[in-house]
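*Asks:* Sharing a structure below in structure tokens format, with a few things to ask.
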Amino acid sequence: MPIPFILDTDTAQDDCVAMLVGLLDPEADLVAITMVAGNVGFELQVRNAWMTLNVADRLGEVPVHLGCRRPMVRDWVSAENVHGDGSGGLSIDFAGLESEDEHGVDALLRLTAERPGELTIVCIGPLTNIAMAVVKDPRFVPNTKALYIMGGSNNARGNITAAAEYNFYVDPEAARIVFEAGFEITVVPWAPLTLQDAVFSRERIAEIRAVGTPLARYFGVVCAQTLAFDESVGIPGSTHPDSLTASLLLHPELILEASPYNVAIEAGSELTRGYAAMSWGVHGLPSNARIVERADADAFYAYLKALMSIETTPPRAFTPAL
Ligand code: BDR
Ligand code: CA
């Protein structure tokens, strides 16, 4: 039985790849996409989602709900210096592509209430929509099967500051609410996990691109800007934490090590804003999350390469041509 889940995303670069995981893997039942303010301008994120649905030839099949346009109490912080427009300058004719009228937070509440205990939410952006749903309706937590969250660093470096990873930094109040709410949570951290097991070298990106399908060429274009940024900060390839998060839900055999932790989010200090204190079980704190510590890097790469090898016929032409 395919695994039913909602993807809560700030769609740019690897969020697009995570969406493709949900759209292409026969093990996935992608019920809805909810959009949250994060990586790039909100309208750009929506365009990136349409283009990703288009390249997978799934336009009109998965509802797109627009969620919160800014963090709960703070100003939005862009990652456009990392991602550009989030899709390598691609465009399509967007005429007639309409998101749902229902707000993303209301969609999260309704969908989980319609199928209590069945739906997992893969959270690959700031946690604003999830926290707002927690605040709005106490039934949201028990109705949700689990959260798979990309965020934080496990006693390691941040990426937007020394202390913090981007998703938790942007909306630390939301992240704190979510980790205190009582969900069953799996965390895919930035460091060391992503840097250790989800970095694709320039050669690997070229290898996928050379597969030549529309999906493989889209993957190559979408990853190019982030690849350049990552190399400029000393990471030897493009980073894929969001697609790893979706993949680990669908293929738990890719998880080689995971342990229970207590995760607490810093929201009071400016210096360490969004820092996630990940306590590994020796400090007498109750566990509120499972943290993935090691994933099968080669199998993850092979899995994504196989997905990008699927032939699709995108109904709308890309500009510039893929
Ligand atoms: C996270 O922030 C974004 O740049 C990526 O999409 C990922 O979700 C990594 O810190
Ligand atoms: Ca993201």
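The values are calculated or read from the model by the stated rules, or taken from the named source; none is laboratory data. These figures come from a predicted structure and were not determined experimentally. A quick note on method: Cβ atoms are made from the backbone with ideal geometry, for glycine too, and the neighbour counts reach across all protein chains shown. All accessible areas refer to the heavy atoms of the entire protein, side chains included, with ligands and DNA or RNA removed. Shrake-Rupley method; radii C 1.70, N 1.55, O 1.52, S 1.80 Å.
*Asks:* Evaluate segment 18-32: report whether one residue or more is buried (at least 24 other Cβ atoms within 10 Å of the Cβ), within 11 Å of ligand 1 (Cβ to nearest atom) and assigned to a helix (DSSP H, G or I).
*Replies:* The answer is yes, given that some residue of segment 18-32 is buried (at least 24 other Cβ atoms within 10 Å of the Cβ), within 11 Å of ligand 1 (Cβ to nearest atom) and assigned to a helix (DSSP H, G or I).
*Asks:* If you don't mind, there's one more thing I want to ask. Go through segment 17-38 and report how many residues are within 14 Å of ligand 2 (Cβ to nearest atom) and touching a strand residue (DSSP E or B) at 6+ places or on another chain (Cβ under 9 Å). First the steps, then the outcome.
*Replies:* At the first step, the residues of segment 17-38 found to be within 14 Å of ligand 2 (Cβ to nearest atom) are 17-22, 33-38.
Still in the running and touching a strand residue (DSSP E or B) at 6+ places or on another chain (Cβ under 9 Å): 18-19, 21-22, 33-36, 38.
So the answer is 9.
*Asks:* May I ask you to say which residue of 64, 46, 105, 55 is surrounded by 19 or more Cβ atoms within 10 Å (Cβ to Cβ) and within 16 Å of ligand 2 (Cβ to nearest atom)?
*Replies:* So the residue among 64, 46, 105, 55 that is surrounded by 19 or more Cβ atoms within 10 Å (Cβ to Cβ) and within 16 Å of ligand 2 (Cβ to nearest atom) is 64.
*Asks:* Against the definition (more than 15 Å from ligand 1 (Cβ to nearest atom), open to solvent by 10 Å² or more (accessible area, probe 1.4 Å) and more than 20 Å from residue 188 (Cβ to Cβ)), how does residue 264 come out, yes or no?
*Replies:* Details: more than 15 Å from ligand 1 (Cβ to nearest atom): yes; open to solvent by 10 Å² or more (accessible area, probe 1.4 Å): yes; more than 20 Å from residue 188 (Cβ to Cβ): no.
Answer is no for this residue.
*Asks:* All but one of (1) at positive phi; (2) open to solvent by less than 20 Å² (accessible area, probe 1.4 Å) hold for residue 15; which doesn't?
*Replies:* Here residue 15 clears every test but (1).
*Asks:* Which of (1) hydrophobic (A, V, I, L, M, F, W, C); (2) within 16 Å of ligand 2 (Cβ to nearest atom); (3) open to solvent by 40 Å² or more (accessible area, probe 1.4 Å) is the odd one out, the single condition residue 82 does not satisfy?
*Replies:* The one condition residue 82 does not meet is (3).
*Asks:* Could you look through segment 143-180, keep only residues that are of a type in the set (Gly, Ala, Ser) and open to solvent by 30 Å² or more (accessible area, probe 1.4 Å), and pick out the one that is nearest to residue 270 (Cα to Cα)?
*Replies:* Going through segment 143-180, the residues of a type in the set (Gly, Ala, Ser) turn out to be 146, 151-153, 156, 158, 162-164, 174-175.
When the remaining residues are screened for being open to solvent by 30 Å² or more (accessible area, probe 1.4 Å), the result is 156, 162.
On the way: 156: 18, 162: 12 Å.
The qualifying residue nearest to residue 270 (Cα to Cα) is 162.
*Asks:* Could you check segment 144-167 and list, in sequence order, the residues that are touching a helix residue (DSSP H, G or I) at 6+ places or on another chain (Cβ under 6 Å) and either more than 10 Å from ligand 1 (Cβ to nearest atom) or of a type in the set (Lys, Arg) (or both)?
*Replies:* 144, 148, 156, 157
*Asks:* If you go through segment 268-288 one residue at a time, do you hit one that is open to solvent by less than 20 Å² (accessible area, probe 1.4 Å), at pLDDT 95 or above and at positive phi?
*Replies:* Yes, segment 268-288 has at least one match.
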